[in-house]
Amino acid sequence: MSMEIYPLTDATVPTTQAWQSAIDALGFDVRFVDEVSLEADEIRLRAECKGKPVLMELERVSLARVRDTFPDVAFPDHVSCVHALYWSKTLEGGLAGYQAAAAYLGLVKGLMIDTEEGRLKTPESAIELARKMTAEMPALEAAMAEILSKMAARPRN
């Protein structure tokens with residue numbers, strides 16, 4: 001199962017190195033494992049977030065596809081590049097996806113829309129959300145650990 005964000009931009013980030021520099025400048029946790037070009041239509045991105053592996057994919061998609069997915073959103077009339085950024089549905093995957101997308105937008109000054117909120121976000125609001133998620137991560141990890149501990153302690157039938 002995966003989640004996705006759609007960055008809509010008029011410029012692209014050429015490599016994971018440039019993207020990683022934008023991530024690092026924001027002080028985010030996600031780290032790309034491999035240095036790759038982002039010129040292909042579909043790219044697998046091995047990453048780590050908070051010391052755990054995360055697999056992401058970046059796929060070039062059409063603006064029409066995104067408009068069809070979110071029919072109630074007023075998208076710009078034209079953008080040069082539309083991607084879908086997918087990640088595995090884990091706590092670290094979600095944090096890595098939002099941090100990576102926010103840094104991408106901050107670098108190229110685009111917009112994004114995610115499947116959770118279904119609203120367009122500016123680079124500033126995407127970065128703010130990624131920072132909020134980062135701050136909330138320890139509480140989420142603690143809650144998840146408590147749930148798993150309780151599940152492990154229950155008698156099995």
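In this structure, does Leu111 turn out to be at pLDDT 85 or above, closer than 20 Å to Trp87 by Cα and either of a type in the set (S, T, N, Q) or in contact with a Lys or Arg (Cβ under 7 Å, 6 or more places away or on another chain) (or both)?
Spelling it out, Leu111 is indeed at pLDDT 85 or above, closer than 20 Å to Trp87 by Cα and either of a type in the set (S, T, N, Q) or in contact with a Lys or Arg (Cβ under 7 Å, 6 or more places away or on another chain) (or both).
Quick one: which residue in Glu48, Glu39 is acidic (Asp, Glu), part of a loop (DSSP other than H, G, I, E, B) and surrounded by fewer than 16 Cβ atoms within 10 Å (Cβ to Cβ)?
Of Glu48, Glu39, the one residue that is acidic (Asp, Glu), part of a loop (DSSP other than H, G, I, E, B) and surrounded by fewer than 16 Cβ atoms within 10 Å (Cβ to Cβ) is Glu39.
Does region 12-26 hold any residues that are among the hydrophobic types (A, V, I, L, M, F, W, C) and either closer than 22 Å to Arg119 by Cβ or under 15 Å from the mean Cα position of the chain (by Cα) (or both), and which are they?
The answer is Val13, Trp19, Ala22, Ile23, Leu26.
Filter region 89-117 for residues that are more than 14 Å from Cys49 (Cβ to Cβ), surrounded by fewer than 16 Cβ atoms within 10 Å (Cβ to Cβ) and in contact (Cβ under 8 Å) with a residue 24 or more places away in the chain and give the result.
Lys109, Thr115, Glu116
Conditions first: (1) surrounded by fewer than 13 Cβ atoms within 10 Å (Cβ to Cβ); (2) modelled with pLDDT of 95 or more. Pro76 passes all but one, so which condition is the exception?
Condition not satisfied by Pro76: (2).
Which residues, taken from region 124-157, are closer than 26 Å to Gln20 by Cα and either hydroxyl-bearing (Ser, Thr, Tyr) or touching a Lys or Arg at 6+ places or on another chain (Cβ under 6 Å) (or both)?
Passing the criteria: Ser125, Thr134.
Pick from region 27-83 the residues that are acidic (Asp, Glu) and either without any contact (Cβ under 8 Å) to a residue 12 or more places away in the chain or touching a Leu at 6+ places or on another chain (Cβ under 6 Å) (or both): which of them is farthest from Asp114 (Cα to Cα)?
It comes out as Asp77.
Residue by residue through region 51-80, note down the ones that are farther than 17 Å from Thr12 by Cβ and either in a loop (DSSP other than H, G, I, E, B) or in contact with a helix residue (DSSP H, G or I) (Cβ under 7 Å, 6 or more places away or on another chain) (or both).
Gly51, Lys52, Val54, Phe70, Pro71, Asp72, Val73, Ala74, Phe75, Asp77
With respect to Lys121, is the statement that it is without any contact (Cβ under 8 Å) to a residue 24 or more places away in the chain, over 11 Å from the mean Cα position of the chain (by Cα) and buried (at least 20 other Cβ atoms within 10 Å of the Cβ) true? Outline the logic, then answer.
Values: without any contact (Cβ under 8 Å) to a residue 24 or more places away in the chain: yes; over 11 Å from the mean Cα position of the chain (by Cα): yes; buried (at least 20 other Cβ atoms within 10 Å of the Cβ): yes.
So Lys121 passes the test.
Evaluate the following for Tyr86: is it in contact (Cβ under 8 Å) with a residue 24 or more places away in the chain, within 26 Å of Asp24 (Cβ to Cβ) and not in a strand (DSSP E or B)?
no
Taking the criterion of being touching a residue at least 12 places away in the same chain (Cβ under 8 Å), among the acidic types (Asp, Glu) and closer than 25 Å to Arg31 by Cβ, would at least one residue in region 130-139 satisfy it?
No, region 130-139 has no match at all.
The values are calculated or read from the model by the stated rules, or taken from the named source; none is laboratory data. In this text, all values refer to a predicted model and were calculated from it rather than measured experimentally. No Cβ is skipped: glycine too gets one built from the backbone with ideal geometry, and neighbour counts run over all protein chains shown.
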